[in-house]
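These notes concern the structure reproduced below.
The values are calculated or read from the model by the stated rules, or taken from the named source; none is laboratory data. Being a predicted model, the structure only gives us computed values, none of them experimental. Don't worry about glycine lacking a Cβ; one is built from the backbone with ideal geometry, like all the others, and counts go over all protein chains shown.
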Amino acid sequence: MTNNTKPKFAMYWAAACGGCEIAVLNIHEKILEVDKHFDVAFWPVAMDAKYQDVEKLQDGEILLTLFNGSIRNEENEHIARLLRRKSQLLVAFGSCANEGSIPGLANLSARAEIFDTVYGTPSTDNPQGIRPQAEYQAPEGTLSIPAFNPVLRPLAQVVDVDYYIPGCPPESHQIAAVIDAVIAVLEGKAQLPPKGSVLGAGTAAVCDECQRTRNVKQIKNFTRIQNMGEIDPALCLLEQGLICNGPATLSGCGALCPAAGAPCAGCYGSLPEAIDFGARMVSSLASVVDEFDPRKIDLTMDEIADATGVFYRFGLAGSLLQTGKASWNEE
Amino acid sequence: MERITIDPITRLEGHGKIEIFLDPAGNVANTYFQIPELRGFEQFCVGRRVEDMPILTNRICGVCPEAHHMASAKAADAVYQVDPPRTAKLLRELLYSAFYVTDHTTHFYALGGPDFVMGPDAPVAERNILGVIHKVGLEIAGKVLQARKSGHAVIEMIGGRKVHPCTSIPGGQTKGISEEQRKEIEELGRWAIDFAQFSLKLFTDIVLGNKDYVDLILGDSYYIPMHYIGTVDENNKVNFYHGKISVVNPEGERLGTYEAKDYRDWIAEHVEPWTYLKFPYLKKIGWKGFEGGKDSGVYSATPLSRLNVADGMATPKAQEEYEKFYATLGGKPVHHQLATHWARLIELLYAAERWVELATDAEITSDKFRTQVTEMPTEGVGCVEAPRGTLIHHYWTDEKGILTKVNLIVGTTNNYAPISMSIKKAAQSFIKEGTVVTEGLLNRVEMAFRSYDPCFGCATHSLAGQMPLEVKITDAQGETIQVLRQYC
Amino acid sequence: MQEHFEPLVLGFTCNWCSYRAADMAGTGRMKYPPNIRLVRLMCSGRLDPTFILKALAEGADGVLITGCHPGECHYIEQNYKALRRVSLLKRVLQPMGIEPGRIKLVWASAAEGMHLTKAITEFVDEIRALGPLNWPARTQIPISAKPVRQLEELPG
C-alpha cells in the first residue's frame, strides 16, 4: 500500500453518513484499480493513516482527495482546510459536500434549539439540563470535543473546490466512470476537465432520463402518495399530483426512484446553471399549475405540504439564502 | 494524571476518541470514550412530511439505511394506523434479510475476521483483508465481493436503489417484484446460505481450532456480565424485522417482553457533558454508572444479545449452530463479548435462510403491495433490529401528517455504555504498572471495541483492516515519553 | 429595530405596463420614495424566483414585483405565472423566517402612474414597519462558490 512512486489518493468523511463510502465499495472489483494506480495516503474508514500523517505531508503532495460529508463542527472545518493545503485536486464528493444534503435542514433551527431537543427527548432522563461541552473538567483531566458550528456548510463555502461529484450517494456506475477518467488522465490519454466542472452526472434534468410518459401538464391539485388510490406506474408522477423534484434535479442517476414508483427526491442537486434548487422547483410547479384565479392559486399552493423541506431537502445549505433566520439567533 | 490519548479512532463514523488516565503506579484509573459528532435529526425532522421520513432517516446512516427505512416506514404505518398488505411486509423483510447478509459479511471479513485469521499479534501490515487474501486465497475475496454484490442487487430490486432505498411508504411499498426477479432473488439466496455455512466453517477451523483464540474469547479481558435486549417472534425466536422486545438479566432471567410502542417504560437515556452521544439504560433498574451486573441498568443490543435473549433461531441450519454455540460456551447467557463475532455469523446464516423462505412465499410477487391510508395521522412507533442493535423510531404528527416531534434510539447507541466499559476493561487488563505498550496490546484494546461493529464505523471494505492508532504517553507535565503508532 | 431604518427595496417592473407607469410617474413628477431600485423585465413572467432570493440574500429588505393586470399581459398570460410563483415562493420562505409581506405583487397598467406611485410608497412603509431583514448569509463567504459548466458540454 505504501509505494512512493504512485500518486497519492485520499478520501475523507466529515459530517457524513457513510453512504458515499458504501457507494465507492459498490464499484466492487474496480477498487483494486484504485489500489493499483494510487498510494492510498489517508482514508480513515479503510486504513490507518492519521491527521498527524497528513500534516507531515508536503503541501500538494496528495494528488487527489475525495471529500464527502458537510462542515458541521470545527474539526470538520480544520480537516477541510488541512486537506485543501495538502491536495492538488480537492473534489466535493456527494450531496453533503456539494450542497449540505439532508442534515443541512438543521440550518432552519437555532443551535440551542437543536441541543434542547436532542438532550431533552421524551426518553432522555436529563433533569439538570446537561449539555455537551466543548471543554469539560473531568476529575482526571480536561476532556474536549469539537464545537458544533451554528450553521452547516458545504465544502465550497469553506475552501476552494476543484471538482464536484453530486449524488446522495453518487451512483456507483458514475463513480466507476470517474475513476476510469482519472486513470486515463494519469496515463496521459486524456486532459483534466476545466476547474469547477461537475463530474459523474448528466447534462439535463432527471425528467430526461425518466421512462414515464409525460404530457402537457395542467395540474389542478396536488396530493400525497399515501392518500392516493391507484398509482399509475407508467405516467409522470408530477402529473398525478405528487411533488417530484425531477424537473429541478441534475440527471445522471438513471431516474431510479421514479422507476421504482417514488417521486425523485432531488439528491443529485441542481443543474450547474441553476444557482438555487428551491427557486427552480417554484418555477417548475408554478408553470404547470392550471389555475388563474388568485384565490384558487393560493389554495392549490396550500396543498403542497412542507414546500420548504421538500424543495430544499438536499440543497438548503448550498442555496442562495443558505439557512433559516433562526439559525443566527445565538444566545 | 498521566494520560494516553487515542485520537482519532478511525473506522467509526465521525471521530471517536479514547482518553486513558493512569494512576501514579501506572495502572489504568479510568477511560473516557467520547463521540464528537452530532447532526440533530430529532430537531430537523420536525416540520417534515411523515411520508418523507423513510428517505430522510436513511441519511442517519449510509451503511444501514435499510434499517432506518424499515423502522421509519413501520412508524409511519403506525401513525396512520394502517396495516400494509402481507406482500408489502414480505417484500420489506426480504430486502431486510438480504441486507443483513451483506452487512454482517462486510463486518466479519473486513474488520473482525483479520484479527483471528491472521492473529491479534500478527504484523500490522498483514492484519487486514489483504493479509487474509494471501493466507486463505483470492477465492475467498471473490466470495466476499459476491456476497456484497448479491445483497445489494436484491436491495436495488425491492428498494429501488443500492444505497438509501426509496420504496417504503405509509401503507406499503411503491413497487413489487416480477417472477423473473423473484427467481434471481431465490438463486442468490441459496448461494448466500452456502456462503454463510462456509463462513461458519472458516470460523470453526481458524478460531475454535486455535487454543490461543479460544483462551482470548473465554478469558477475562473481554468478559462483562450485563443485561441484554433483542427482538423475538411469537415463539421467542430471533427476528430482525418484527416482534416484541425481550429483556434478560445477567443470570439469564427474563425480566419482561414489551411491544415497541412501550419502549419508554423500559428504556431511558443518560447524558454526560463530555460527549455528544447519549447512554441508554434500563429504567426499572436505573443508571448506576458504567457498571455491569444485575444491579446496573446497562444493557447491550448486539448479535450476542439477541441470541442470549431468544430461545433459539427460527430456521433449521441456524438453530443447529445456535445449539453448538451455547454447548461450546457453557450455556446461556454468554458474557464473553468477543463471542459476538461468532453470534454474528449465526445471524448471517439465519438471514440467508430467511431470505430463501421469503423469496419462495407464494404471495411475494403479488401486485397487492400497498394500501391507501384512511385514518387521521397521530402518533406511531416503528422498530426493527438493526444489525448493531434495536432501533426505535417514534413520530408524533399533526392532523396533516407533518411531524411535530421525533424520538430516535439508534442501534449502536444502545451499546455506548457497554463499549465504553469494554474499552476500559481491556485497557485495565493490558496496561498495568511496568507494561511496555506494544502493537499487539493496542490491537487488543481495539478488539474490545470492534466486536460491537459500531455503526458509525463503517464495516465497509478494508484494504488494510487495521484501525489506525497512535498512542502518546505523556508524563504529568505533559511531556511526551513514548509514541507508538500502527500503520498498515 | 434600528433607530432610523431606511428600507432598501428592489422593484421588478414589466416593460409594457408598469415600467411605463413608472416612467409616467417620473415625467409627471409624482413622488415615490428613493428606497426603491427599479429593474426592468420584459414581462413579469420573466421573473425567476432566483432574482427574489438573490435580492434578499444580498441586502434587500423587500421585493416588489409589478406587472400588467390579469388579461392585459403583452404576452397573453405570463403574468399568471408570476402570480403563481410569488404565491408559492412566499410559502417556501415563511418557515425560513422571511415574512410574506416582504414580497409583494402589484398590477399596474401603463396609464396608472399615480396608482404605481402609491403602491411603491405603501410598500416601502410596510417594509419600514417590518424592519430590516439583514440576511446573514451575505455577510459570509461568497455565495458564488458554485460549479460552472463549460459551453462545450451542453447537449447539441
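Points to keep in mind about this one:
- Residue in region A:257-279 that is farthest from the other protein chains (Cβ to nearest Cβ), counting only those that are over 17 Å from the mean Cα position of the chain (by Cα) and surrounded by fewer than 24 Cβ atoms within 10 Å (Cβ to Cβ): A:PRO263
- Candidates are the residues of region A:189-233 that are hydroxyl-bearing (Ser, Thr, Tyr) and more than 30 Å from B:GLU375 (Cα to Cα); the one that is farthest from the other protein chains (Cβ to nearest Cβ) is A:THR213.
- One residue alone among B:ASN239, B:ASN210 is among the polar types (S, T, N, Q) and modelled with pLDDT under 95, and that residue is B:ASN210.
- Take the conditions (1) part of a helix (DSSP H, G or I); (2) touching a residue at least 60 places away in the same chain (Cβ under 8 Å); (3) among the charged types (D, E, K, R); A:GLU291 misses just one of them, which is (1).
- Scanning region C:19-47 for residues that are β-branched (Val, Ile, Thr) and part of a strand (DSSP E or B) yields C:ILE36, C:VAL39.
- Considering residues of region A:292-303 that are more than 7 Å from every other protein chain (Cβ to nearest Cβ) and not hydroxyl-bearing (Ser, Thr, Tyr) only, the residue surrounded by the fewest Cβ atoms within 10 Å (Cβ to Cβ): A:ARG295
- Restricting attention to region A:294-314, the residues being out of contact with any Asp or Glu (no Cβ under 6 Å at 6 or more places or on another chain) and in a helix (DSSP H, G or I) number 12.
- Qualifying residue in region A:65-77 (condition: farther than 30 Å from A:VAL310 by Cβ and either facing chain B (nearest Cβ under 9 Å) or out of contact with any Lys or Arg (no Cβ under 9 Å at 6 or more places or on another chain) (or both)): yes
- The strands (runs of 3 or more DSSP E) found entirely in region B:211-315 that carry 1 or more residues being surrounded by fewer than 17 Cβ atoms within 10 Å (Cβ to Cβ) and more than 14 Å from chain A (Cβ to nearest Cβ) are B:254-258.
- Odd one out for A:GLN58 among (1) outside any helix (DSSP H, G or I); (2) crowded, with 19+ Cβ neighbours inside 10 Å: (2)
- Test: residue in region B:189-197 that is touching a strand residue (DSSP E or B) at 6+ places or on another chain (Cβ under 9 Å), among the acidic types (Asp, Glu) and modelled with pLDDT of 95 or more: no
- Residue satisfying all of: in region B:371-381; within 13 Å of another protein chain (Cβ to nearest Cβ) and not hydrophobic (A, V, I, L, M, F, W, C); nearest to the chain's Cα centre (by Cα) among these: B:GLY380
- The set of residues from region A:319-331 being within 8 Å of chain C (Cβ to nearest Cβ) and not in a helix (DSSP H, G or I) comprises A:SER319, A:LEU320, A:LEU321, A:GLN322, A:THR323, A:GLY324.
- Filter result for A:ARG72 (surrounded by fewer than 20 Cβ atoms within 10 Å (Cβ to Cβ), charged (D, E, K, R) and within 17 Å of A:TYR12 (Cβ to Cβ)): no
- The residues of region A:15-36 that are at the interface with another protein chain (Cβ under 9 Å from one of its Cβ atoms) and assigned to a loop (DSSP other than H, G, I, E, B), listed by number, are A:ALA16, A:CYS17, A:GLY18, A:ASN26.
- Any hit, region A:92-112, residues being within 25 Å of B:TYR32 (Cα to Cα), within 9 Å of chain B (Cβ to nearest Cβ) and in contact with a Phe, Trp or Tyr (Cβ under 6 Å, 6 or more places away or on another chain): no
- Residues that are more than 11 Å from chain A (Cβ to nearest Cβ), among the hydrophobic types (A, V, I, L, M, F, W, C) and in a strand (DSSP E or B) were ranked within region B:382-421; the one that is surrounded by the fewest Cβ atoms within 10 Å (Cβ to Cβ) is B:CYS383.
- Selection within region B:20-79 - more than 9 Å from chain A (Cβ to nearest Cβ) and among the small types (Gly, Ala, Ser): B:ALA25, B:GLY26, B:ALA67, B:ALA71, B:SER72, B:ALA73, B:ALA75, B:ALA78
- The selection criterion, being free of Cβ contacts under 8 Å to residues at least 12 places away in the same chain, in contact with a helix residue (DSSP H, G or I) (Cβ under 7 Å, 6 or more places away or on another chain) and either farther than 25 Å from A:LEU25 by Cα or surrounded by 13 or more Cβ atoms within 10 Å (Cβ to Cβ) (or both), does not hold for A:ALA176.
- Residues in region A:139-157 that are modelled with pLDDT under 95 and either part of a loop (DSSP other than H, G, I, E, B) or aromatic (Phe, Trp, Tyr) (or both) were compared, and the one that is surrounded by the most Cβ atoms within 10 Å (Cβ to Cβ) is A:ILE145.
Conditions tested, residue by residue: (1) more than 9 Å from every other protein chain (Cβ to nearest Cβ); (2) at pLDDT 95 or above.
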| position | (1), (2) |
| --- | --- |
| C:GLY59 | yes, no |
| C:GLY67 | yes, no |
| C:PRO70 | no, no |
| C:CYS73 | yes, no |
| C:ILE76 | yes, no |
| C:ASN79 | yes, no |
| C:ARG91 | no, yes |
| C:GLN94 | no, yes |
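- Qualifying residue in region A:158-175 (condition: more than 14 Å from chain C (Cβ to nearest Cβ), in a strand (DSSP E or B) and of a type in the set (Val, Ile, Thr)): no
- Exclusive hit being under 18 Å from the mean Cα position of the chain (by Cα) and in the same structural domain as A:LYS217 (by TED's automatic domain parsing), set A:LEU285, A:LEU242, A:LEU238, A:LEU316: A:LEU316
- C:LEU116 vs. criteria in contact (Cβ under 8 Å) with a residue 60 or more places away in the chain, within 14 Å of another protein chain (Cβ to nearest Cβ), over 22 Å from A:THR300 (Cα atoms) and not in a loop (DSSP other than H, G, I, E, B): no
- Applying the criterion of being among the aliphatic types (A, V, I, L, M) and surrounded by fewer than 24 Cβ atoms within 10 Å (Cβ to Cβ) to the residues of region B:135-154, the residue that is modelled with the highest pLDDT is B:ALA153.
- Among the residues examined, C:ALA60 qualifies as farther than 15 Å from A:VAL282 by Cβ and out of contact with any Cys (no Cβ under 7 Å at 6 or more places or on another chain).
- Total residues in region A:120-138 satisfying the condition of being assigned to a loop (DSSP other than H, G, I, E, B), of a type outside the set (S, T, N, Q) and more than 8 Å from every other protein chain (Cβ to nearest Cβ): the figure is 4.
- Lone unmet requirement of (1) of a type outside the set (Asp, Glu); (2) more than 23 Å from the chain's Cα centre (by Cα); (3) within 11 Å of chain B (Cβ to nearest Cβ); (4) more than 30 Å from B:VAL144 (Cβ to Cβ) for A:LEU57: (3)
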